[in-house]
Amino acid sequence: MAPPEPGDPGNPFQSLLGDLMNMLGSNGPDSWEMTRAFALNVATGGVAESNVEPLQRIQVEQLSRVAELNVIEATGMPVTPDGRRLTCVPVGRGDWTIRALESWRPVLTEMAKPPTPDTTSAAPGSATGGNELFALDDAGDDASGGMAAMLGQWASAIGPMFFGLQVGSVVGHLAQRTLGQYPLALPWAPADELLLVTGNITEFATDWSLPEEEALLWVCARELASNSVLTRPAVRARFEELVMALAESQAAAQQDLAAKMRGLTGGDPGAMPGMGMDLESLQGMFGDPESLLGDLLTPESRRTSDQLTSLAVVVDAYADHIATGVGAKLVGSHTQLAEAWYRRRTERGKGEEAAGALFGLDLDQAQVDRGRAFVAGVVERAGEESLGRLWSPAQNLPTPAEVDAPGLWLERIDLPTPDGPVN
């Protein structure tokens, strides 16, 4: 579909919309690159990062090897699905940001899908037929040249761009605080590397007056424990199922955008003469860009969000538990480290809170404590060895109700199954 012609020069607002639609046509900005650049700028503050020192790489390699051996012993699981060595790589905030965006790109793409009532009619080379992350929607030609139709087309174009900027801000702020690859218990794309943001680890150690090398070893253990769980096929498949279901629901929520814009053309008495447009409401919407995207967590997705949150807090609590156990053997300040990490998690920065909302995760202190209580309850009732049963087979993954009652989970996994008793 060709962009609409510029509006009536005598009507400044309509002319502006027409000009914007022309700009956002076939030569419009690449939404993915815009998101990537914005995220990188937020993460680094616009300052180029220096390369990681070779000596730090050597230190990370040595400490991560020690941590890996102890995590394998504590979990009884390899840190990768096929048992291969995992290379822990020190990175800066910018590198982490780029890799996180690429790893999460499939789900972000699903979230950003605009309304597509008839994708089969998209013209060759149009955004709806392309592979861009955030595509323009072919809303159809407007023979009447009416403002409602033009607003709808413009909203379909600008909404995904706003979403892209929101994603860039979220991931960039998350990079400012994350210590490693898993600030959120979400699987990454398969890789032989595990990322550690060593500059943030140094800041964490300094803020809490902790020995930097001990903090690095503790973070290595926690990230390796997270990786050992999130890369298991059954766990990964369940997370991907839930995350994609939420992404589809959140994409549907964005389809209200054009309706909101069209709703401003309803002939309000205070509208601009001859336009039937409530300019005051329009100005209010653009004063709060996030309102254009609506509430991403729709009522239909609430149940899925509860399931994802319940599983994520258990994974996080399990990783904390393993790191604390490994730290008790190897790190003199393990008690202070565990306490500092707990406080840091429950005091959540802007990045964690916004990222949790983006992916449908509730990460407040009550949820953190809920996961910790579940892990502690399992250990108290059935011992450390029972924790390993959480991750295999897939039927053993706890339900939201069982996270609140670890005894129920233990009873269920001991029940006979159609394939025979659980060992």
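The values are calculated or read from the model by the stated rules, or taken from the named source; none is laboratory data. This is a predicted model, so every value here is computed, not measured. When we count neighbours, we look across all protein chains shown, and the Cβ atoms used for this are built from the backbone with ideal geometry, even at glycine.
Observations on the model:
- Residue tally, condition of a type in the set (D, E, K, R), free of Cβ contacts under 8 Å to residues at least 24 places away in the same chain and in a loop (DSSP other than H, G, I, E, B), over the stretch 51-84: 2
- Test: residue in the stretch 214-221 that is closer than 22 Å to residue 92 by Cβ, hydrophobic (A, V, I, L, M, F, W, C) and modelled with pLDDT under 95: no
- Filtered residue count, the stretch 188-201, keeping only those that are loosely packed, with under 15 Cβ neighbours inside 10 Å and either among the small types (Gly, Ala, Ser) or closer than 15 Å to residue 175 by Cβ (or both): 1
- In summary, residue 80 fulfils each of the numbered conditions (1) at pLDDT below 95; (2) within 26 Å of residue 113 (Cα to Cα); (3) hydroxyl-bearing (Ser, Thr, Tyr); (4) surrounded by 17 or more Cβ atoms within 10 Å (Cβ to Cβ) with the single exception of condition (2).
- Residue-level check: of (1) within 23 Å of residue 230 (Cβ to Cβ); (2) modelled with pLDDT under 95, residue 372 misses just (2).
- Residue within the stretch 174-183 that is surrounded by 19 or more Cβ atoms within 10 Å (Cβ to Cβ), under 21 Å from the mean Cα position of the chain (by Cα) and farther than 29 Å from residue 81 by Cα present: yes
- Apart from one condition, residue 341 fits all of (1) under 30 Å from residue 202 (Cα atoms); (2) touching a helix residue (DSSP H, G or I) at 6+ places or on another chain (Cβ under 6 Å); the exception is (2).
- If you filter the stretch 311-341 down to residues that are surrounded by fewer than 24 Cβ atoms within 10 Å (Cβ to Cβ) and among the hydroxyl-bearing types (Ser, Thr, Tyr), you find that the one that is nearest to residue 241 (Cα to Cα) is 324.
- Tally of residues being within 18 Å of residue 101 (Cβ to Cβ) and either out of contact with any helix residue (DSSP H, G or I) (no Cβ under 7 Å at 6 or more places or on another chain) or not in a helix (DSSP H, G or I) (or both) across the stretch 197-224: 1
- Just one residue in the set 397, 387 is over 23 Å from the mean Cα position of the chain (by Cα) and in contact (Cβ under 8 Å) with a residue 60 or more places away in the chain; that residue is 387.
- A residue that is under 28 Å from the mean Cα position of the chain (by Cα) and over 16 Å from residue 313 (Cβ atoms) occurs somewhere in the stretch 354-365.
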